[in-house]
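Have a look at the structure below, then the notes.
The values are calculated or read from the model by the stated rules, or taken from the named source; none is laboratory data. This structure is a prediction, so every number in the text was calculated from the model and none was measured. Don't worry about glycine lacking a Cβ; one is built from the backbone with ideal geometry, like all the others, and counts go over all protein chains shown.
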Amino acid sequence: MILTIIILSIIIVVLGYTTWNLLVKNEKLEDTVVSYDEYFLELNNAISEADKRLKKVDERGLFKSDDEIGWFFTSVKEIQNSLNVFKLKKNA
């Protein structure tokens, strides 16, 4: 009888410790996910803002006519189009 109580007590202590340990690890991972979510939202906002500014600069098409700057501006637009792929999709 006493042996059974000792074994059950050891099992309860071990299970309690492992549960607590997993809870602590889970909370740390949740904090990491929240920080990554904030980072991705800031990155999405930066990409969107850069896209808006680039489109505003290109409204008049001034850079297309200038051969020296035109190729550079075209390259910047291509890079911006590549970044636009990484914008977050809005869930409706």
(1) loosely packed, with under 10 Cβ neighbours inside 10 Å; (2) of a type in the set (Ser, Thr, Tyr); (3) under 30 Å from Ser82 (Cα atoms) all hold for Thr4 apart from (3)
Six or more apart or on different chains, Cβ under 9 Å: which pairs go from a residue in region 75-92 that's modelled with pLDDT under 85 to one that's among the polar types (S, T, N, Q)? Could you list them? Asn84/Ser48; Phe86/Asn44; Lys87/Asn44; Lys87/Ser48; Leu88/Asn44
Search region 23-47 for residues being of a type in the set (A, V, I, L, M, F, W, C) and touching a residue at least 24 places away in the same chain (Cβ under 8 Å), and hand back the single one that is nearest to Asn81 (Cα to Cα). Ile47
Asp51: passes all of (1) loosely packed, with under 10 Cβ neighbours inside 10 Å; (2) in contact with a Lys or Arg (Cβ under 9 Å, 6 or more places away or on another chain) but (1)
